[in-house]
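Chemist: Got a structure for you, written out below as structure tokens; questions coming shortly.
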Amino acid sequence: MAIRISTAARNAMATAAAALVDGGSSTGRLRLYTGSQPAGPGTAPTGTLLAEITLNDPAFGGPANGTVTANQSPALTGTGVAAGTAGWFRIVDSTEAAGTGLGILDGSVSATGDDGECQLATTTISVGLTVTITSLTFTQPSS
């Protein structure tokens with residue numbers, strides 16, 4: 001039999017993950033990379049770092065049906081530091097931002113309106129380009 005998780009438990013888990021992003025002495029960061037997502041946030045990042053975006057504090061709002069959505073006021077923007085196509089993202093807390101780069105959450109990147117936990121105005125990033133997150137969510141699976 002499969003384990004199934006109640007909505008209340010999923011909400012609690014999503015809230016706990018979101019709280020980790022706000023850990024440390026300042027705000028969490030979202031890093032955009034080229035290529036394929038590595039095995040998980042506890043492994044070294046792969047690909048080229050394209051941009052780093054400072055998240056708001058708190059980074060995420062309250063849960064709904066196991067999903068937390070990033071607070072986007074003010075807008076979540078950063079500047080491209082390398083050229084390439086964004087393939088995945090990693091979220092780190094402020095302590096890890098200066099450390100090993102191991103993270104809290106990894107996920108997929110897509111253009112606005114497509115599937116992906118992190119949606120960008122464009123996935124094609126160049127040096128100096130303003131990178132804008134149009135949607136960022138984390139969903140705790142139900143099983």
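The values are calculated or read from the model by the stated rules, or taken from the named source; none is laboratory data. Keep in mind that what you see is a predicted model, and the values were worked out from it rather than measured. Note: ideal-geometry Cβ built from the backbone for every residue, glycine included; neighbour counts use all protein chains shown.
Chemist: Of the numbered conditions (1) of a type outside the set (S, T, N, Q); (2) surrounded by fewer than 19 Cβ atoms within 10 Å (Cβ to Cβ); (3) under 18 Å from Leu136 (Cα atoms), Ala86 satisfies every one except a single condition; which is it?
Modeler: (2)
This table checks each residue for (1) part of a strand (DSSP E or B); (2) more than 20 Å from Gly116 (Cβ to Cβ); (3) of a type in the set (Phe, Trp, Tyr); (4) in contact with a strand residue (DSSP E or B) (Cβ under 8 Å, 6 or more places away or on another chain).
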site	(1), (2), (3), (4)
Ala9	no, yes, no, no
Thr15	no, yes, no, yes
Gly24	no, yes, no, no
Leu32	yes, no, no, yes
Pro45	no, no, no, yes
Thr69	yes, no, no, yes
Gly103	no, no, no, yes
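Chemist: Let me ask something else about it. Across region 94-130, what is the number of residues that are at pLDDT below 90 and either more than 13 Å from Glu52 (Cβ to Cβ) or touching a Phe, Trp or Tyr at 6+ places or on another chain (Cβ under 6 Å) (or both)?
Modeler: Count: 9.
Chemist: Of all the residues that make up region 40-51, how many are surrounded by fewer than 18 Cβ atoms within 10 Å (Cβ to Cβ) and either without any contact (Cβ under 8 Å) to a residue 24 or more places away in the chain or under 25 Å from Thr69 (Cβ atoms) (or both)?
Modeler: 4
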